[in-house]
Amino acid sequence: MGCDMVLLLPKASIGFKPEYLDFDRGIRVGNLEENERITRILKLALEARHQQDFVTERYGRGVFWQWIGFLAKANRAAKPISSHISFGCSKFFIMVDREERCFQCGMQVERGYLKAPGEYPRCQLQEDWDWHRLLASLKAGSKMEKELRRLVCQEEFVIAGGGWDEGLTKYGKSSFPPMNSLRKVLEKAGPDGWAGFQVSYPMPEAEVKSSTGVDLIESMLAIFEETILLMNFCMQIQL
């Protein structure tokens, strides 16, 4: 994979370091200079590439975050019911999987809850969420199937989906699923738990540690570029 997106930012100005992807604590975002923060670097690159504003979301607190997402602000604004929240939007994401000790980068669509707890009413699936477009796209012979097959079988991406608390079902090159089977896995996720869908490229810990900061940024942006079609199949706008 190759990508020129990072060239929109001077390489000499990028201070991100591989050790900021910490496989024991998460993604370091605190106590850093602006040019070292992955959130700022990726957001600026995405906005320059797509000529529109992006919103940064995260899971975690303090110095280390576990997951970071980037969504097109225009896609959120286009939602008649859910324009005030980000859960309904497809996102580019990065995360450190501390159990499998790999760095993951790609795209994600969330379902949220079908029956949200009383304290989290905004997290309940609404009719204008991108989740519905995702499910509708998972058909045999569809453009979505063609693109997923290319990414998984040729580029070695991984599909993961289902309920977060139940354990995501994962598919790779040797287990690429029929679209109806994938859709059933997503649809059967428990209503009382958080569910979603990811297509990501995994980078083992050793690969991350042997790379430079600029190499990693270029890889992340190249992965985002590879998943744009998937994002467009699910969103109300087009990147």
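Numbers for the structure displayed
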{"item": "Exclusive hit being in contact with a strand residue (DSSP E or B) (Cβ under 7 Å, 6 or more places away or on another chain), closer than 25 Å to E225 by Cα and not in a strand (DSSP E or B), set F87, F92, F103", "result": "F87"}
{"item": "Residue, surrounded by the fewest Cβ atoms within 10 Å (Cβ to Cβ), within the range 14-71, restricted to residues that are touching a helix residue (DSSP H, G or I) at 6+ places or on another chain (Cβ under 8 Å) and among the hydroxyl-bearing types (S, T, Y)", "result": "T56"}
{"item": "Count of the range 118-155 residues which are modelled with pLDDT of 95 or more, more than 18 Å from M179 (Cα to Cα) and not polar (S, T, N, Q)", "result": "6"}
{"item": "Close pairs from the range 136-150: first more than 16 Å from M107 (Cα to Cα), partner surrounded by 13 or more Cβ atoms within 10 Å (Cβ to Cβ) and polar (S, T, N, Q), Cβ under 9 Å, at least 6 apart", "result": "K143/S137"}
{"item": "Any hit, the range 133-142, residues being of a type in the set (S, T, Y), over 17 Å from C234 (Cβ atoms) and surrounded by fewer than 18 Cβ atoms within 10 Å (Cβ to Cβ)", "result": "no"}
{"item": "Subset of the range 50-84 [modelled with pLDDT of 95 or more and either among the hydroxyl-bearing types (S, T, Y) or assigned to a helix (DSSP H, G or I) (or both)]", "result": "H50, T56, K73, A74, N75, R76, A77, S82, S83"}
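The values are calculated or read from the model by the stated rules, or taken from the named source; none is laboratory data. Predicted model, so just to flag it, every value in this text is computed and none were measured. Reconstructed Cβ throughout: ideal geometry from the backbone, glycine too, with neighbour counts over all protein chains shown.
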